Each structure stands twice: as structure tokens, then as C-alpha cells.
Amino acid sequence: MVGLFRRLVNYCRKKSPWILHFNSGGCNGCSIELLSCISPRNDVERFGVLAKGSPRHADILVVDGPVTKKMRKRLINIYQQMPEPKIVVAIGSCPISGGIYQKCYNIAGPLDKIMPVDVYVPGCPPRPEAIIQGLLKAIEKMETLKE
Ligand code: SF4
């Protein structure tokens, strides 16, 4: 019975993944593009993706920004609060390589030094279409995760 319930929960998560957005210290350019994705113009909700405010409800963590030393601990706390199985998407050059903040004194990133990253969306900032494609890849990856 528990196995059946777990399978049902995982099926629902794949059909309507909830995302949590975290800006780890960037210029906000990527955040604006992500906001455009969840607005009616690009409407990522048509794929079932819904933005949430709590890590305890989120399936996908979307991170932009280079991960400053100040934000590192908060980001790890948020990641640890998310239920398994979870997916991490890095949006923009900053979390991927440090971008324009590379080698700055206050940078703890890139993101994959801090936590496992499943999908990378390059660009500075990436266009909404690229972000949506990254989210669809994340959903595809969720389907391959263990139930
Ligand atoms: S990748 Fe570019 S647009 Fe995005 S947060 Fe970094 S500097 Fe800003």
C-alpha cells in the first residue's frame, strides 16, 4: 500500500513539478528572465510547472547568481529542506562558472562545488525559451529518478 502511494505521489510530482527560485547573489538579470517565464507571456505553467515559496514543497531548485560566501550557507539549508528526489537547475553563466564575478574575493561558487547540479542553462542572462527548455530537461530527468 505504501509503495502504491509513493508511486502515485511521484507520478503527480512529474506531472506538475513545483519550483523554488533562489538568487545566490547575481545582478538579478537571470531572475527577471525567470520571472518572465512564470508570467502569462511565456507561461511555464502550461507544462505544469508552478513556482512555490517553500523548499519543503519544491521538487526543483532553480539557482541563479554566482553563490557568494554570504549566501552559501542559506542555499545549503534550503537544499537540505527539499524532499527527495530533488533536481537542481543552474540558470546563467554565474552559477555555472562564476561568470563576470569569477575570482572575486566574495565568491564561494560555482554552484556544482556546493551541491550536485542536474541541468545547466548557459547565457548572461539566458532567454526565457532557454530557461523553459532547461526546466523541461529537469522534468525529463525527474522521470528517470528512482521512485
Ligand atoms: S549570468 Fe549574467 S544576467 Fe545572470 S546573474 Fe550573472 S551576470 Fe546577471
Checklist outcome for this item: Within the range 22-47, residues at pLDDT below 95 and of a type in the set (D, E) come out as D43, E45
Checklist outcome for this item: Quick count over the range 68-106, residues being farther than 26 Å from T144 by Cα and touching a Lys or Arg at 6+ places or on another chain (Cβ under 7 Å), is 1
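Out of the residues in the range 71-97 that are modelled with pLDDT under 95 and surrounded by 14 or more Cβ atoms within 10 Å (Cβ to Cβ), which is nearest to the chain's Cα centre (by Cα)?
K86
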Checklist entry - Restricting attention to the range 1-23, which residues are under 12 Å from E143 (Cα atoms) and in contact with a strand residue (DSSP E or B) (Cβ under 6 Å, 6 or more places away or on another chain)? => result P17
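Taking the residues in the range 48-57 that are in contact with a Leu (Cβ under 9 Å, 6 or more places away or on another chain) and either open to solvent by 10 Å² or more (accessible area, probe 1.4 Å) or at pLDDT 95 or above (or both) as candidates, determine which candidate is nearest to P110 (Cα to Cα).
It comes out as P55.
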Checklist entry - Identify, please: which residue in the range 98-116 is within 14 Å of the chain's Cα centre (by Cα) and free of Cβ contacts under 8 Å to residues at least 40 places away in the same chain and is, among those, farthest from the ligand (Cβ to nearest atom)? => result P116
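The values are calculated or read from the model by the stated rules, or taken from the named source; none is laboratory data. Owing to the predicted nature of the structure, the values given are computational and were not obtained by experimental measurement. Cβ atoms come from the backbone with ideal geometry, glycine included; neighbour counts cover every protein chain shown. In case anyone asks, the SASA skips ligands and DNA or RNA and just uses the protein heavy atoms, side chains included. Shrake-Rupley method; radii C 1.70, N 1.55, O 1.52, S 1.80 Å.
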